[in-house]
1. Mind scanning A:LYS41/B:LYS164; A:LYS65/A:LYS371; B:LYS53/B:LYS78; B:LYS53/B:LYS205; B:LYS44/B:LYS205; B:LYS53/B:LYS198 and naming the pairs with a C-alpha gap bigger than 20 Å?
2. Kirkwood Rh over Cα pairs of chain B into Stokes-Einstein at 4 °C, 1.567 mPa s: D in µm²/s?
3. Averaged across A:22-29, how many Cβ atoms of other chains sit within 10 Å of each residue's Cβ atom?
4. Measure off 7 Å from each Cα along the Cα-to-Cβ vector at A:VAL32 and A:LYS211, then give the distance between these two points in nanometres to one decimal.
5. For peptide B:46-53, compute the average count of partner chain beta-carbon atoms within 10 Å of each residue's beta-carbon.
6. Using label points projected 7 Å from each Cα along Cα→Cβ, tell me how many nm separate B:ALA121 and A:ALA263, to one decimal.
7. Please state the relative contact order of the range B:23-232 as a whole percent: Cα pairs under 8 Å, 6+ residues apart?
8. Determine, from the Cβ-Cβ distance of B:MET154 and B:ILE46 and an R0 of 30 Å, the FRET efficiency 1/(1 + (r/R0)^6), rounded to the nearest 0.05.
Amino acid sequence: MARKLDTLRSLLDWRQPGGFVSVAGHAAMLIVGLAAFSSAKPFTPAQEGVAVDVISEREFNEMMKGEKKGEKRPEPQPRAESVSEIRRNNEPGEAKRDVAAEPVKAEPPKAEAKPEPQRQVAALPPPPVRPPELKPVARPPEPKPQPEEPEDEKAELPTPPKRPDPKPEPKKEDLAKLLEQKQIEEKRREEAKAAEDQRTAEENRKAEEKKRADERAAAERRTREDREKREKEAAEARRLEDAIRQRLLTSREAPSSTGATGAQVSREASLGTENATGRRLSPSERSQLIGLLTEQMNRCLSIPPGAIPRSKPIVALALGRDGSITSGPTLTNPMNEPGYMPYAEANMRALRNCAPFKIPERFMATYEDWKSLLIGFDPSEMQ
Amino acid sequence: MPGAEAQVDLSLVALFMHAHFIVKLVMIGLAVASVWSWAIIINKSIAMRSMAKSMDEFEDRFWSGQSLDELYRGLVNKTNDGFAALFIAAMTEWRRAFEGSGRGFASLQTRIDKVLDVSIAREVERLESKLLALATIASVGPYIGLFGTVFGIMTTFRSIAASKNTSLAVVAPGIAEALFATAIALAAAIPANIFYNKFVRDAGKIQGRLESFADEFSAILSRQIDERAGTVQNRGAA
C-alpha cells in the first residue's frame, strides 16, 4: 500500500516528470496515429500484363502472305472476273461454261395468262350478285301490294254515296243517271287502278325470284370455274416439272461456272490470310541450291594432302539474301578421327573465302526456308 | 467494390473497437505498459544524469583541498546521493568513533568499509530500481502482442468460416485488427529494450566509480586512523 502511494507520489514529483511526460507523449502519438491512419489508401489496381507470342520471321510471313500493300476497301465489292453489262454473281471458278440447265420459264406465263380472263369473268358476276343482298332493304315496296286491300275497301266505300242517291232520285232521274254514269266511270277507273297495282306487285315478285335464281346459278358457276382452274394449274405444274426433269436428265454437261462478271474486273490481289503456308524449297530445289553453293565453294577449296576422313562433317551456316554468310560456318559434329578436323576446317575455310555466293533469283521467294542451311561435305566425293 | 471499401473504417479507433474482447484487453495492457516504460525511461535518464552531475561536483569539491569536516558540515543536512552519500555515511561512522570515549579505533577501519559497502549497495539498488520492469516489458511485450494477434486471427478465421466468404476484403480487416496488437507490443518493447541496456551499462559504470571512490576514501580514512592511533599512543607514552 505504501509502495503504491509512493509510486503515485512519484508521479507528482517535479524531479520525476516521467509519468506526466510519458502519458502526454502517448496521447500525442495517439492523436498523430489517428490522423495518419484515419483512412487506408486503397491500392491502385495493377495493370495486367499483355501476353506476347514470339514468332519467327517465317511464321510472320506465312501469316501475312499476299499483297502487303493491298488496300483494304471500306466496303467489300463483289468479285468480277470478266467484263459484262450484266452483273452475275456466279461462283468464281476456272471453268468457262455455265451450267446448261436454265429454268424453263417460257410456258408458265401462258398458263397464267389463260386463267386470268377467267378470273375476270369470275370477278365480274359478283356486282349483279350484290344488289339481291341489298334487296331486303328495298323490300318495303312489297308492302305496297297490301294496301290493295284497303283500296278494295275504298272501292266499296264509294257505295255509301249511294245512300244519298234516293234523295236525288225522287227529284231528277237525269241527275241520277248522271250520277250513276259518274259512279260507273269512277268504279271502272278504280278497278283499272287496282289491277295495275296488282300487276306491278306481281312483276316485282317475279323479278326478285328471277334474281335469286340468277344468284344461285352464278355461285354454282363460280365454284365450278374455281375447281376447273385448280385442276388446270395442277396439270400444268406437273407438265412443267416433267419438262425440267427431262432436261436435267438429258443434260450431260458437268456443272461449271463462267465466273463472276461485273462492270469492271477486280484487280485487287487477295489480302494475306492467317492460315496460309509460306513457300518452301522442294527437295530438288534444295539439292540444287546446295549443289550451286558447293560448286562455287569448290573453287576456293584446297584440302591438305592425306586428310580424307571416313566421316562426313556437317556444317551449319546462315546466309543473307545477297549470298553472304551472316553467321557461321560452324561444325556441328566434331570428331577425333585422324584427318577429319583438317578436312572440315578446309571446307569451312573455303566457304568463308568464297563468301558472297551467287544465288539465282528464283530462290529468293523461298529465302526464309534456306537462310539457315546444313551442308554435308562427303569425303568420298573428294577421292 | 468502392462501396465495400467505404464501409470498412480502418482508423485506429475502429481497429480497436472491432477487435475481440481479449484482444482489446491485450491492447490496453500493452498501451499501459508502453506508458509505464516511457515513464521509467524518462525518470531514470533524469536521475542518472543528475547523479552523474552531482558526483562530478562532489569529486571537484572533495579534491579541492577542503577539510573533510567542513565538507561534512556542508552536506550533512541534505539528501545526498552518489559520492556524497558514501562520504556522509563513512564520516558519520568516523565521527561517532571519536564522539564517545575515543576508543574503538581497533575495528573502525572494518566498520567504515562495511558502511561504505552498504551505502554502495543502497545507491546501486536505487539506480537499478524499476529496471526490472523495463526488462520485463522488453522481453514479454512481444509475446503478449503475438498472443493478441494470434487470438485476433483465430477469431477472424472463425468468422470467415462462418460467413463462407474467403475474399481478401473480408479477411483483411480482421488481420489488420489482429496485427494492431503486435504493433503496439513492438512499440512498447523496442524502446524498453534499448533503454534497459543503456541503463544497465550506466548503472554499472556508476557502481564502478562508487567502488573506486569508496576504496580511495577508505584508504584516506585508514591513514587518518593510523595517524590518530599514533598520536593517541604517543600521548599515552608521554
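1. A:LYS41/B:LYS164
2. 58 µm²/s
3. Average neighbour count from other chains, rounded to a whole number: 4.
4. About 11.6 nm separates the two model spin labels.
5. Details: counts 5, 3, 0, 0, 1, 0, 0, 0.
The mean count of partner-chain Cβ atoms within 10 Å per residue comes to 1.
6. 12.4 nm
7. It rounds to 33 percent for the range B:23-232.
8. 0.10
Quick note: the coordinates plus some simple rules give every number you see, no bench work behind them. This structure is a prediction, so every number in the text was calculated from the model and none was measured. FYI the Cβ positions are ideal-geometry reconstructions off the backbone, even for glycines, and counts take in every protein chain you see.
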